[in-house]
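Take a look at the structure set out below.
The values are calculated or read from the model by the stated rules, or taken from the named source; none is laboratory data. Keep in mind that what you see is a predicted model, and the values were worked out from it rather than measured. Because the Cβ atoms are built from the backbone with ideal geometry, glycine has one as well, and the counts that use them run over all protein chains shown. Remember, those area values only see protein heavy atoms, side chains included, never the ligands or the DNA or RNA. Shrake-Rupley method; radii C 1.70, N 1.55, O 1.52, S 1.80 Å.
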Amino acid sequence: MFFEKFRMDGRVAVVTGGGRGIGLSCAEALAEAGATIVVIDREAGLAEEGRDTLRAKGYTVEARVADVTKTESTRAAADEIAATFGRIDVLVANAGIARSGTAAEDTPDELWLSVNDVNYNGVFWTNRDFGRHMLKAGRGAIVNIGSMSGYIVNRPQLQTYYNASKAAVHHLTASLAVEWASRGVRVNAVAPTYIDSAMTRAVIDEATLDVWLRDTPMGRMGQPDEIASVVHFLASDAASLITGATVKADAGFTCW
Ligand code: NAD
């Protein structure tokens, strides 16, 4: 009875930014549990690469190109996927970008706006546009990817714009969860620590890694699949009583 709650057979799960990294791993976890997957990415090549990787493992996966910062794009994707598949049970709002290295007082408007456009606005647009279909059906589970940066201020890198965008995701999650709780749609978030992905590999150097690991009680970064298993749990009926939560998967980082 308990294990059954983790099964996702017959469900349709959409993962934004699912072409690689954490998103791709989330897509794989949900696929392994039985869901039909739609991988969305801004880049067609990445979306197709993610789809092909999962198809090669025998899963049912489609790819779509959409930019989460464009409401015409998120709405069209949500409407088309709902029409094509007949249902949308899960949304993993994972698409995000990281920028760092600019002090708050030197932050150009474009930097602030571009980070918040993907990480914060994009999460709302996708929650709203996919959430509408879930509300209509009276069922659904949304998992937003926040960050431990929504709780703490990272060091040594300066990234006010990123940290603030992720704190906003956590509160957006709670706000939507309350609005939709009585209508069958759960909304939760996961707050990862540093994860080994293209995002972190782009900025990491030995000195930075040293600070990160010293600040982490477990003394290591995470792997994408360690976030995917939390996302799978929150998306499944095993988390039927959980909504509005932001689950820290942070190797203890925020305890210090
Ligand atoms: P990644 O850069 O490897 O993957 C992000 C994916 O999102 C890419 O495929 C990219 O093309 C896609 N994407 C970016 N902008 C998009 C847009 N406007 N529309 C659609 N797709 C878009 O990053 P990752 O490490 O896998 O991170 C995934 C999520 O996890 C992000 O929200 C990130 O902020 C969050 N996160 C990552 C870490 C980490 O250490 N890697 C830690 C905490 C939180």
Matching residues in segment 213-256 - criterion: being more than 12 Å from the ligand (Cβ to nearest atom) and either among the aromatic types (Phe, Trp, Tyr) or at positive phi (or both): Gly219, Phe233, Gly244, Gly252, Trp256
Tabulated pairs, segment 185-214, first more than 20 Å from Glu226 (Cα to Cα), second open to solvent by 20 Å² or more (accessible area, probe 1.4 Å) and away from the ligand (no atom under 14 Å from the Cβ), C-beta under 6 angstrom, 6+ apart or interchain: Val185/Leu135; Arg186/Thr243; Val211/Pro156
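Look through segment 199-213, keep the residues that are assigned to a helix (DSSP H, G or I) and open to solvent by 40 Å² or more (accessible area, probe 1.4 Å), and return whichever of them is farthest from Thr102 (Cα to Cα).
Restricting attention to segment 199-213, the residues satisfying the condition of being assigned to a helix (DSSP H, G or I) are 199-201, 206-213.
When the remaining residues are screened for being open to solvent by 40 Å² or more (accessible area, probe 1.4 Å), the result is 199, 201, 206-207, 209-210, 213.
Values: Met199: 17, Arg201: 18, Glu206: 20, Ala207: 18, Leu209: 19, Asp210: 20, Leu213: 22 Å.
Applying the filter and picking the extreme gives Leu213.
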Count - residues of segment 33-60 that are under 18 Å from the mean Cα position of the chain (by Cα) and either open to solvent by 50 Å² or more (accessible area, probe 1.4 Å) or within 27 Å of Asp117 (Cα to Cα) (or both): 11
Scope segment 173-183; condition in contact (Cβ under 8 Å) with a residue 24 or more places away in the chain and open to solvent by 40 Å² or more (accessible area, probe 1.4 Å); matching residues: Val178, Ala181, Arg183
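Among the residues of segment 155-169, write down those that are in a helix (DSSP H, G or I) and surrounded by fewer than 20 Cβ atoms within 10 Å (Cβ to Cβ).
Pass one, segment 155-169, residues in a helix (DSSP H, G or I): 160-169.
Residues satisfying the conditions are Thr160, Ala164, Ala167, Ala168.
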Residue within segment 129-151 that is open to solvent by less than 30 Å² (accessible area, probe 1.4 Å), within 15 Å of the ligand (Cβ to nearest atom), over 30 Å from Gly252 (Cα atoms) and in contact with a strand residue (DSSP E or B) (Cβ under 6 Å, 6 or more places away or on another chain) present: yes
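Quick check, is Asp89 more than 10 Å from the ligand (Cβ to nearest atom), among the charged types (D, E, K, R), touching a residue at least 24 places away in the same chain (Cβ under 8 Å) and out of contact with any His (no Cβ under 9 Å at 6 or more places or on another chain)? Spell out how you get there, then give the answer.
Values: more than 10 Å from the ligand (Cβ to nearest atom): yes; among the charged types (D, E, K, R): yes; touching a residue at least 24 places away in the same chain (Cβ under 8 Å): yes; out of contact with any His (no Cβ under 9 Å at 6 or more places or on another chain): yes.
Yes; evaluated as a whole, the condition is true for this residue.
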